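Below is one structure, written out as structure tokens, with a few remarks after it.
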Amino acid sequence: MLKARIAVLVSGGGTNLQAILDAQNSGVIKSGEVVLVISNHADAYALTRAKNAGVEGIYISKKELKTQEAFENAIIAALEEREIDLIVLAGFMSILSERFTARYDHRIINIHPSLIPSFCGQGFYGLKVHEAALAKGVKVTGATVHFVNEIPDGGEIIAQKAVEVQDGDTPEILQKRVMEQAEWIIFPQAVERIAYEISNSN
Ligand code: GAR
């Protein structure tokens with residue numbers, strides 16, 4: 001059984017990328033292997049994490065390529081060149097077009113830091129999600145792993161985990177708890193599950 005070849009798309013710190021790389025080392029992820037990390041920010045710390053793990057990391061600049069189409073074509077070329085089977089969005093803060101998502105139907109997964117359908121869709125990313133949850137006064141939030149389709153955060157749900165909101169939480173404190181208690185656990189598990197399915201169908 002061949003391992004699924006995984007590309008992780010990132011924009012920032014890359015703690016979810018790290019959780020996936022750690023899960024490979026610990027054996028939680030055994031049906032797939034991260035062979036490529038793509039960042040749309042040159043200075044993303046996630047690229048350093050890739051380097052430290054001996055994984056190829058590349059920067060693709062939307063600014064330089066100017067259009068969404070050219071940006072996505074560059075990503076597609078990188079993915080095809082390395083025969084990628086599964087695309088994992090781990091804090092990738094750029095919305096992909098329908099042309100892109102349709103090409104990789106059920107081959108792109110994303111982690112979102114809320115219980116979808118709450119606090120999701122266009123404009124809800126990173127700390128903004130936790131700010132909105134606190135502003136609403138919800139007592140429970142969490143994280144969701146889902147397939148990516150043409151609707152932002154609208155694809156089929158793969159996994160969810162709830163996390164308690166506590167008195168005195170700031171967006172930063174809540175973000176950290178959601179990462180520790182949900183994201184870093186359910187994301188590697190979901191990557192393994194989908195990689196397993198892909199590697200068995202290859
Ligand atoms: C994570 O909390 C992830 O769920 C969120 O951004 C953070 C990235 O952190 N993603 C979104 O909001 C996507 N809409 P990381 O770079 O440390 O993994």
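Values quoted throughout were computed directly from the atomic coordinates according to the rules given, and no laboratory measurement underlies them. Values in this document were obtained by computation on a predicted structure and should not be read as measured data. Methodologically, a virtual Cβ is constructed for each residue, glycine included, from the backbone with ideal geometry; neighbour enumeration extends over all protein chains shown.
Each Cα pair under 8 Å and six or more residues apart adds its sequence gap; the mean of these over the residue count of the stretch 71-166 is a relative contact order of 27 percent.
Taken about its Cα centre, the chain carries a charge dipole of roughly 140 debye when the Cβ of each Lys and Arg holds +1 and the Cβ of each Asp and Glu holds -1. Within the stretch 101-179, all pairs of alpha-carbon atoms sorted by distance into 5 Å bins from zero give the percentages 3, 17, 29, 22, 15, 8, 4, 2, 0.
Each label point was placed 7 Å from the Cα along the Cα-to-Cβ direction; for GLU156 and LEU127 their separation is 3.6 nm. Here's the picture: charge each Lys and Arg Cβ at +1 and each Asp and Glu Cβ at -1 in the chain, and of ILE109, THR15, ALA74 the one pushed furthest to the positive end of that dipole is THR15.
Between GLU83 and LYS51, the modelled labels are 2.9 nm apart [label points 7 Å from Cα along Cα→Cβ].
The residue among HIS130, SER201, ASN149 whose Cα reaches farthest toward the positive pole of the charge dipole of the chain, with charges on the beta-carbon of Lys, Arg, Asp and Glu, is HIS130. Most simply put, the chain has about 40% antiparallel DSSP beta bridges, counting only bridges with both residues inside it. Plainly put, the chain has a radius of gyration that is 0.95 times its Kirkwood radius, both from alpha-carbon atoms, as the Rg/Rh ratio.
Model label points for GLU164 and LEU65, set 7 angstrom from Cα along the Cα-to-Cβ axis, are 4.5 nm apart.
Using a Förster radius of 41 Å, what is the FRET efficiency between GLU180 and ASN73 based on their Cβ-Cβ separation? Nearest 0.05, please. FRET efficiency, GLU180 to ASN73: 0.65.
Listed peptides 111-121, 163-173 appear in the order 111-121, 163-173 once ranked by packing, highest mean of other Cβ atoms within 10 Å at the front. Adding -39500 (n - 2.57) for every DSSP H run of four residues or longer, then dividing by how many residues the chain holds, sets the calculated 222 nm ellipticity at -11500 deg cm²/dmol.
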